[in-house]
Amino acid sequence: MNANIKKYNLLYEKERKKINAILHGTVKNRKPSSLYIPAAYIINSEGKRIRPFLVLLSAGAVGGNFSQAYNAAVAVELLHDFTLVHDDIMDNAEKRRGKLTLHKKYNKNTAILVGDSLLSVAYEYLLKDCNGYSKSIISSFTSGLIEVCEGQILDTDYEARKYVSLSEYLLMIKKKTASMVKMCCEIGATLGGGTEKEIKGIANYGLNIGIAFQVQDDLLDIIADENKFGKRIGSDLIEGKKTYLFIKALEKARGEDRKLLSKVVDNKGIGINQVKKYKELYERLGVIADARKTINYYTKKALNSLNVIKKISDKEILVWLADELLKRIR
């Protein structure tokens, strides 16, 4: 496995460049420019392109070729960009990937229309690859979109509530984050000609990796190196967000500890100077260790789902990708 890491990294970079090239062409020369120049702005804000890469790997894992899935891979990235544009509007966010968010650079109305156009173009590109799998592919893509919207509204609902259970939180991240990862794997495996068993197994890999990744993101918010993480440590607590760690801590806390945690909800966040105190509370309650266990639990479930893949090399690259996504907490 170790000998292949360099090869996998090179493959990822090679495919990322191909995906970027296709993405950059999706809105090129389209009119009116007042819509598509802002669309190009968000598309060209280069992300990691993990979702489209998963589409390609899933197609390859069941014996298909990457060439069968490039347009579908681009479609899921356009869908992802659509969700980011609308998320940023809802959150009134200032920055995304180090640049001004679309609604801040232009205006809110333009950003809404750009988001809608990205979704429309996503379907246009998805249809280019559907071939004989149109019903399955469009169904997977649409289900993923519906789940993301449901997850987003649950997240919004939870902000207004004083208490959210861990099961409710896991349902929300399953819909908001993991469902799209699942959808990428499902579409890729379908386009690659996978059997029903193979498609289901690879889709479950995506679902569980997505859940693990979101819990990891919650954990990194409190334990990461700020310079490497790219945002202020403790920002979830500062903003009063109900993350895995916060909900778990509230479940376990008693007495003064519970009162301290309740203040985060009552005051809609904490001061920057209080982050250290809450981190120490998380450590004392054992919720950092709980988060690690949860990440490992869902990661193990994801990797066990790959037993449906016949070729060891195809399985290994998906194991490698899971490790790349989650290794920061290992």
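In what sequence do TYR169, TYR205, TYR106 fall when counting other Cβ within 10 Å, fewest first? Please report the intermediate quantities before stating the final value.
Working: TYR169 22, TYR205 31, TYR106 17.
The most exposed by this proxy come first: TYR106, TYR169, TYR205.
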How far is helix 255-266 tilted, in degrees, relative to the longest principal axis of the Cα atoms in the chain, given as a value from 0 to 90 rounded to the nearest 10? 50 degrees
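Highest first, please rank the peptides 22-33, 186-197 by the mean number of other Cβ atoms sitting within 10 Å of their residues.
So the order, starting with the most tightly packed, is 186-197, 22-33.
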Among the lysines, which have Cα under 24 Å from the Cα of LYS18 when same-chain residues fewer than 8 positions away are ignored? LYS6, LYS7, LYS28, LYS48, LYS99, LYS128, LYS182, LYS315
Cα long-axis angle, helix 287-304 against the chain (0 to 90 degrees, to the nearest 10): 20 degrees
Along the positive direction of the dipole of the chain (beta-carbon charges: Lys, Arg +1; Asp, Glu -1; about the Cα centre), which of ILE138, ALA160, ASN273 reaches farthest? ASN273
Run the reach check for LYS252 against aspartates and glutamates, Cα to Cα strictly under 18 Å, same-chain hits fewer than 8 apart removed. What comes back? GLU168, ASP218, GLU280, GLU283, ASP290
Between segment 86-120 and segment 1-52, what's the alpha-carbon centroid distance in Å? 18 Å
Placing +1 on each Lys and Arg Cβ and -1 on each Asp and Glu Cβ in the chain, then taking the dipole about the Cα centre, the residue among TYR70, VAL148, GLY47 whose Cα reaches farthest towards the positive end is GLY47
Between MET183, MET90, MET172, which gets the highest mean-square fluctuation from a Gaussian network model of the chain, Cα cutoff 10 Å? MET90
Which residue, ALA212, ALA224, ALA72, tops the fluctuation ranking in a GNM of the chain built on C-alpha contacts under 10 Å? ALA224
Using the alpha-carbon atoms, what tilt in degrees (0 to 90, nearest 10) does helix 196-223 show relative to the longest principal axis of the chain? 40 degrees
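All of the numbers you see were taken from the coordinates with simple rules; none came from a lab. On a predicted model such as this, the values are computed, not experimentally measured, just so you know. Neighbour counts run over all protein chains shown; Cβ positions are idealised from the backbone, glycine included.
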